[in-house]
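Since the structure comes first, as structure tokens, the remarks are kept for the end.
The values are calculated or read from the model by the stated rules, or taken from the named source; none is laboratory data. Since the structure is predicted, the reported quantities are computational estimates derived from the model, not experimental observations. Here Cβ is always computed from backbone atoms with ideal geometry, including for glycine, and neighbour counts include all displayed protein chains. Protein only, heavy atoms only, side chains kept; ligands, DNA and RNA dropped before computing areas. Shrake-Rupley method; radii C 1.70, N 1.55, O 1.52, S 1.80 Å.
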Amino acid sequence: MAQRKVWVVIRSKWVFKLKRDGTYCLRCVAMGFTQVPGVNFTDSFAPVVYDVTVRILLILWMVYMWTTQMLDVETAFLYGDLDVPLYMHIPEGMDAPPNSCLKLLKTIYGLVQSSRVWWKTFTRHLKSKGFRVSREDQCLFV
């Protein structure tokens, strides 16, 4: 790692989750608390919709009997493109050459900036489809 001039390498670990059907889900997550502000990330804030916006939309939905569609991106944090180079220690149990690490191209669970990067990626996609951000609420697209 010293040959590549990489000094801040994020640690990682495996997380096991028991599913309802009795099988296990295995996920590699970053230990975000090992990230250094200003080096590994600059911003971590991602806006949240105002409760007033949700209430107004629900009222409009009921009054005008609009049809609705829900969107839930289960693995949303895995789709964001990183804007800074991040390197992560290889998780325990993976075979790899000594003194090697992984370069992250996309966000993974546990990174401090994952929610912000996902919001920026999603916003960019909506804007490319012709939507624009409301002046009153950054999470409302019209």
Cα centroid of segment 85-142 to Cα centroid of segment 1-74, whole Å: 8 Å
Which label in (i) 138; (ii) 109; (iii) 166 gives the computed volume of the Cα convex hull per residue in Å³: (iii)
Reachable lysines, given that their alpha-carbon falls under 23 Å from the alpha-carbon of K13 and they are not under 8 places away in the same chain: K103, K106
Accessible area in the full protein assembly, largest first, 1.4 Å probe, for R132, R11, R20, R116: R20, R132, R11, R116
R0 of 35 Å, Cβ-Cβ distance L18-Q138: FRET efficiency to nearest 0.05: 0.40
The chain - percent of accessible surface contributed by carbon and sulfur, probe 1.4 Å: 59 percent
Table column - 3J(HN,Hα) (Hz), segment 51-68, Karplus curve with 6.51, -1.76, 1.60, x for Gly and Pro: 5, 5, 4, 5, 4, 5, 5, 5, 5, 4, 4, 6, 5, 9, 6, 5, 8, 10
Selected from K106, K127, K19 as most flexible by GNM, with the chain as the system and alpha-carbon contacts under 10 Å: K19
Exposure rank, largest accessible area first [F131, F122, F16; 1.4 Å]: F16, F131, F122
In Å², nearest 10: area of T67 left accessible to a 1.4 Å probe: 130 Å²
Virtual spin-label span in nm between V73 and I56, 7 Å along Cα→Cβ: 2.5 nm
Residue-wise HN-Hα coupling along segment 94-100, computed from phi with Karplus coefficients 6.51, -1.76, 1.60 (Hz; x: Gly, Pro): 8, 7, 7, x, x, 6, 10
Relative contact order of the chain, defined on C-alpha pairs under 8 angstrom at six or more residues apart (%): 30 percent
Heavy-atom surface of the chain, accessible at 1.4 Å and reported per residue (Å²): 77 Å²
